[in-house]
1. I'd like the distance separating the alpha-carbon centroids of region A:46-110 and region B:73-150, in whole Å.
2. Kindly flag which residue pairs out of A:78/A:261; A:91/B:95; B:95/B:171 have an alpha-carbon separation exceeding 27 Å in this structure.
3. When Cβ neighbours within 10 Å are restricted to other protein chains, what is their mean count per residue of peptide A:177-185?
4. Would you calculate, for chain A, the mean residue ellipticity at 222 nm contributed by helices, counting each DSSP H stretch of 4 or more residues as -39,500 (n - 2.57) and dividing by all residues, to the nearest 500?
5. Please average, across the residues of A:139-149, the number of beta carbons from any other chain that are within 10 Å of each residue's own beta carbon, and give a whole number.
6. Jot down the per residue volume, in cubic angstrom and as a whole number, of the convex hull over the alpha-carbon atoms of region B:110-167.
7. Hey, in the GNM for chain A with a 10 angstrom Cα cutoff, which one of A:130, A:229, A:150 fluctuates hardest?
8. Taking Rh as the Kirkwood radius computed over C-alpha pairs, what is the Stokes-Einstein D of the protein assembly as shown at 4 °C in a medium of viscosity 1.567 mPa s, expressed in µm² per second?
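Where a number appears in this text, it was derived from the coordinates with a stated rule and is not lab data. Because the structure is a prediction, the values reported are computed rather than measured. Counting neighbours? That spans all protein chains shown, and the Cβs are built from the backbone with ideal geometry, glycine included.
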Amino acid sequence: MLVADPRTAAAWRSFRQEFADAGPERRREMLRERANQSRTADLHMIGRAGLGHVGGDMSVLDILTTLFFSVLRIDPEKPDWADRDRFVLSKGHTAGALYATLAATGFFATAELDTFAGPLSPLNGHPNRVKVPGVETNTGPLGHGLPISVGMAVAGRLSASSRHVYVVLGDGELQEGSNWEAAMTAGHRRLSNLTAVVDRNRLQQGARTEETNTLDPLDDKFRAFGWDVLEVDGHDHLALHEAFTAPRGERPTCVIANTTKGRGVSFMEDRVEWHHKVPSAEQIVAAEAELAR
Amino acid sequence: MSAPVQELFDCRVAFADELSALAREDERIVAVCNDSVGSSNLVKFQQEFPDRLINVGIAEQDMVGVGAGLALSGYVPFVCGASPFLTGRALEQIKADVAYSRSPVVLCGMSPGMAYGELGPTHHSIEDLSWLRAIAGLDVVVPADPAETRSAVRWAANAARPVFLRVGRFKVPAVTGDRDFTFGAASRLRDGSDVTVVATGTMVSRALEAAEEAAAEGVSVRVLNMSTIAPLDEDAIREAMRDTRAIVTAEEATTTGGLGAAVAAVVVTERTPVPMRMLGVHREFAPTGNTAFLLEHFGLTAGDIRQAAIGLARADV
């Protein structure tokens, strides 16, 4: 099991404090900059490892950054704190994005990112809770995160805890039926302590979601299952922050975050082939330059 | 003179009684089920602990995931469903969410084997032992009677690791006496010097009956109740190989990967293997019939076990 990096954790705490005190423009800039730093770290991880899911990583990083740097009630130095908010990355193939975010939060040393997917690294191609602090459950096969998160939300209710459960789902992943079993349970039990965020980039591994097996109207589907639904620009950090912290009713919340696969790297954006293509060294340099702007 | 009538028990009753007793002592205990409140015998549990019975409806993948989420939040969930659906429908959840994630869930496969007789192969769970034994880090436990079921439920509640418990519906006599379930250890219910019968679940009482009948024919049979299938008590198998000349395994399951295959894997890797017979279902779907008929059809009666044991004892090996 990796251990916390106290210096990064302290920096993360200062960030959270500064964010809390800042006005909207500064807040937006802080999260944008932070997310792009994670994008750059992730590109290097994928380049070194020679594998990864770069398109989905770029797509989800504004969501992850907003959660870890402005929303989640967590303590990277106490990953087992009973009343922490729970975060589950159901689309486990974007582990690179999660690792970059967890390292930046201080759950473990940033230097560990260099081992991503290497022999015996704790940073497996899909996240493992036994090895990586901040990972709540092992994901990878799709359609697993939402049922587990429902169980976590039921547990929160039974314990009368104020902790909140956040789960990030891929949109293609919603073709797995297990999600709808869990969506039904969450609606039936009125789990208002649960927020599901859909990374709606409209691309799956092989093609567009709507050409493969139609998901729209996704908002109506979740509403019909008993959820409150918010739809936001998934790269607008302030809109995400607002959606994640909005006053909650008596139902679970689904935030449909409209995103672009490959976001931030012009030649990757909205291109299906970048699902798990590995960028060359030159492409990484070019991407880094774009992200530094 | 007719034989005394043996009292027979449905292990689900002992299971539910013990679960309720545990729930009274430990508020971490919860039950999760798939519309199986009745068939998992959880009606009383639900009456006593309405908030702690989470019925997700007919949704096994959700059920196991919800169980994992509860376990990862400090609860001790007993996830109950008919074994064919729990293990077949939610196998990937069992692998990823429970075993690989090391979530301390107690998976309770109710009415396993061919307990649902006439309902047919869709409702039989004879593959479960093969499937689950292949999953790393998942303990597979098959109690033989009500007393052992109680004891195993209590053990599982405190095991703090992923467990599969096979809870029988087909009625069996009491065979384990006052022995407590000991995780990972075979229990020697009868000693013998010619042949060892390694039995599990419903087959244990039949193995004891077979041993009694074999004794009358001059063949001495040791009976091991193998209530932990994974990890297997390999020492007990090696002892049997040393002390007796042959091994018979008996299980209400397929022979492609359950108890018989597990025992065989030990036997063939020893320097001097002993002859074996594996009783069970050999990659076949059952015809129509009730459980008693099907056990007879697949050669799983006391008479079949006796015959296998005597055959091996008298074979020129």
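1. 33
2. Among A:78/A:261; A:91/B:95; B:95/B:171, the Cα-Cα distance tops 27 Å for A:78/A:261; B:95/B:171.
3. On the way: counts 3, 10, 3, 2, 11, 8, 1, 4, 9.
Going residue by residue through A:177-185 and averaging, the value is 6.
4. Helix contribution divided over all residues of chain A: -14000 deg cm²/dmol.
5. Values: counts 4, 2, 6, 0, 5, 9, 3, 4, 14, 16, 3.
For peptide A:139-149, the averaged partner shielding equals 6.
6. So the per-residue hull volume is 74 Å³.
7. It is A:130.
8. Working: Rh = 26.0 Å.
The estimated diffusion coefficient comes to 50 µm²/s.
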